[in-house]
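The values are calculated or read from the model by the stated rules, or taken from the named source; none is laboratory data. All values reported here derive from a predicted model rather than from experimental measurement. Reconstructed Cβ throughout: ideal geometry from the backbone, glycine too, with neighbour counts over all protein chains shown.
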């Protein structure tokens, strides 16, 4: 009879963080993975939510947070977030002409529809 070599399951799964996750050796990490997978399953299967909707809502939430952070920082005399870009509209006649043409086109479109 040939001798059989038994290796532990942890070693068969690679012996790293993935094996710890699958074998529930790090309970908090494993529970978070199961909760995250359940949340994704619920959003995409049961609530019929699309990936585009999830991403657009996440970006909208991020913009809202940055807006309120910047506004509250100016009211509370704190530093404004460093990663908010500063945009300035160009001045002069060409910019005003472009804005008036776009505005007129929007008004015409709203009136016609």
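Per this entry, residue 48 is counted among residues that are at pLDDT 70 or above, out of contact with any helix residue (DSSP H, G or I) (no Cβ under 8 Å at 6 or more places or on another chain) and exposed (fewer than 10 other Cβ atoms within 10 Å of the Cβ).
Can you say whether residue 21 is within 18 Å of the chain's Cα centre (by Cα) and assigned to a helix (DSSP H, G or I), as far as the supplied structure shows? Criteria not met by residue 21.
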